[in-house]
Amino acid sequence: MANSADQNQELNEKLSTIAVDTYRWMVLARTFEDRISNIYRAGKIVGGVYVGKGQEAFSASLASQLMKGQDIYSPLIRDMAGRAAFGEPLIDAARTYLGSAQGPSVGRDGNVHRGNSREGMPTMISHLGAMISVVCGMLFARRLRKKLNNVVGAACIGDGATSTGAFHEALNMAAVEKLPLIISIANNQFAYSTPTDKQFACNELVDRAAGYGVNGININGTDLIECIKGFEKAISLARAGDGPQIVVGNLLRLSGHGEHDDAPYVSNEMRSSDLGQDCLLKAKNKIIGESWCTENECNEIQEQATAEVNAAIDQAESEKGPNPYSHDWNAYSSPSFRK
Amino acid sequence: MSISYLEAIREAQSLALENDENVFIYGQDVGAFGGAFKATKNLFQKHPDRVIDSPISEDAMVGLAVGAAIEGMRPIIEMQFADFSSVGFNQIVNQAATLFWRTAVPCPITIRLPSGGTPGSGPFHSQCMETIYAHYPGTIVMTPATVEDAYSMLLEAIAIDDPVIFCEHKYLYYHLKSDSLPKQTLPAKSARIVRSGRHATVVTYSAMLHEALRAADNMKNDGYEIEIVDLRCIKPIDMSTVLGSIARTGRVLAIGEAFPWGGVTSEIISSISSEGFNLLDAPPVRLNSIDTPIPYHPDLWRYHRPTASSIEEELRKLIRE
């Protein structure tokens, strides 16, 4: 009995550590994106702004449990929280949104199109379903080199991308090859304005898993603890050699598709439903309620996030954009084909 | 020793697999079966870990190649037919072709497209797709016309740090033969003057080179000397060799097997018109397939594509101008 009690206490401590850590990334993401939205409304950002409000718990719970420097993480456009948890420097995000020439894409692409594939985070193209097979390829290469070891790769998409041919092809391929792939599907009820009943006809997206011969986990994406436990299970199964895992988080996007969109297509009824609960508030109440964190500590997390965001934005705002006249206008990498 | 165009492709892949552990082949039926055309015959037996059957998923095949390239591998993707690469179009032009530009990470992948018409193959097993992929920045598109080039250019394609669309012509697979594989080779980006002449220049590539050579042979009896430029690589195009030839002949016919609208031949004519207009003694001319889908029946198919006789007819008109 004593052993069992000890184990429970150990599990609880582990969960509390992950929960507070994950909450930290959620706060950082929300703070950054609120600030970026304000800058966008002031007309200082060219191009779109896509935020993950309402999706932070689901996003960060996956990435905070991946092994940085080892695993692969291909984020969705609403994965600011996951990116931060996976180790993306905040300055990369600020520079990409603000068009700094010092950003990872040197002004060649903007907003959410940033990454560092050498660090395991490939840079997305806008056709998000197409990123799943790229993650498959990264895992496949490591297996060919006998360096797969304990690695898992996560590809994050939304409900809309599950309707693409690329999703089907890549998931089927991953299943055939039994790759340690986790497909995280944030079912936020709308692909831009299109509701799920025009996107798929199965009862639950997770029902698709059986058809591909892979494991599926369906969770409440607004609940931090459920997200942590769901992804922990998926990651451990994938690491153990059980092949691809699908994790579906049911939640509601608490913003427009982009900041240009006020989302009139979301009904008040849906907004006030369980799906519309703010995962960040819920997480805060949970970690305080469980005494994993005090109110003061939560305030400190917020203050620290605000300071980090301000520093990153100030830095990026002070930097110049790219110079078209001295820009390297070469699409080729090979020296013999460069102009 | 005699080696076919197809065997040269197989030998190049065999050598690449032998020399570089980062090379692997992924495609439908490429493994133990050796590929639909046997371009990978016996390669699986030698390298069972690196010659791998894929599901029928062209999109995912190219996506996988991009992911593997990010990790430093040099994948070769075999499309069973060039026509089916349309299913992988998005991954080729948006993912692979933009990767280096967006991220500074090279994308050393080779996508082999068994291309072009053969009698009885019909609309979906006969297409020439080079124009489509050449349109996008970041791709290199090779169109070898000889056994030697099939070998050396494929080796170069695999070694290049950019995505290469390798258009190998099915019509040449079995019947085009050479005595040996080349020791020294011309870089893939350089065009080659295959035949010298003074009355007109033919600019062409891939299987059409051989139709043009037959036309030039026929016209030789009448005293016409036709110069023939084999582009070899259609993206980028070696325009200096093309313009150098036109400077000698003053007349040009550009020939391609692909559909006529907005293709390699129109690019050639456009470049000549703007860069070498003063070299021309007659309006530049081009010849492509008829602007319809590719027909099944052998009699229709032969009429649909340029042939030695239709090329000869165009050349005689051009020289009379």
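For chain A, rounded, prolate or oblate, judged on the Cα gyration tensor with a ≥ b ≥ c (square roots of eigenvalues), a/c < 1.5 rounded, else prolate if a/b > b/c? Judged from the Cα gyration tensor, chain A comes out rounded (a/c under 1.5). Among beta bridges identified by DSSP and lying wholly in chain B, the antiparallel ones come to about 20 percent.
Pull out the extension gain between B:SER266 and B:GLU225, defined as 0.36 nm times the separation in residues minus the alpha carbon to alpha carbon distance; nm, one decimal.
On the way: separation 41, 0.36 × 41 = 14.76 nm, distance 2.41 nm.
So the chain would gain 12.3 nm between B:SER266 and B:GLU225.
Reducing segment B:49-70 and segment A:47-64 to their Cα centroids gives an inter-centroid distance of 29 Å.
Close amide H pairs (under 5 Å, H built 1.01 Å from N) link A:VAL49 with A:GLU259, A:HIS260, residues at least 5 positions away or on another chain.
Spin-label model, B:SER273/B:ARG198: points 7 Å from Cα along the beta carbon direction are separated by 3.0 nm.
The simple Förster model, with R0 at 35 Å and r as the Cβ-Cβ distance, assigns B:SER310 and A:ARG145 a FRET efficiency of 0.10.
Averaged over all directions, how much area does the convex hull of the C-alpha atoms of chain B cover when projected, in nm²? All intermediate terms of the calculation are to be shown ahead of the outcome.
Working: hull surface 64.4 nm².
Reported value for the Cα convex hull: 16.1 nm².
Between B:ASP222, B:ASP299, B:ASP291, the residue with the greatest mean-square fluctuation in the GNM of chain B (Cα pairs under 10 Å linked by springs) is B:ASP222.
For the protein assembly as shown, the square roots of the Cα gyration tensor eigenvalues, ordered a ≥ b ≥ c, give a/c of at least 1.5 with a/b greater than b/c, which places it in the prolate category. Which entries in the list A:LYS14/A:LYS178; B:LYS177/B:LYS317; A:LYS53/A:LYS198; B:LYS38/B:LYS189; A:LYS339/B:LYS177; A:LYS178/B:LYS41 go over 31 Å, if you measure between the two C-alpha atoms of each? Among A:LYS14/A:LYS178; B:LYS177/B:LYS317; A:LYS53/A:LYS198; B:LYS38/B:LYS189; A:LYS339/B:LYS177; A:LYS178/B:LYS41, the Cα-Cα distance tops 31 Å for B:LYS177/B:LYS317; A:LYS339/B:LYS177.
Distant-in-sequence amide contacts of A:ASN215, defined by a placed amide H-H separation under 5 Å and a gap of 5 or more residues or a different chain, comprise A:ILE246. Put simply, the amide H of A:LEU66, placed in the peptide plane, has no neighbours under 5 Å, leaving out anything fewer than 5 places away on its chain.
Suppose we take every Cα in segment B:192-320 and form the convex hull; what volume per residue is that in Å³?
Details: hull volume 12.7 nm³, N = 129.
So the per-residue Cα hull volume is 98 Å³.
The simple spin-label model puts a point 7 Å past each Cα toward its Cβ; for A:SER193 and B:TYR296 those points are separated by 4.5 nm.
Taken along the Cα-to-beta-carbon direction at a fixed 7 Å, the label points for A:LYS229 and A:ASP34 span 3.0 nm.
Helix-only arithmetic for the protein assembly as shown: the sum of -39500 (n - 2.57) across DSSP H runs with n ≥ 4, divided by the residue total, places the mean residue ellipticity at 222 nm at -12500 deg cm²/dmol.
Coordinate-derived values only; no laboratory data. Fair warning: this is a prediction, and the values are worked out from it, not measured in the lab. Every residue, glycine as well, gets a Cβ built from its backbone with ideal geometry; the counts of neighbours run over all protein chains shown.
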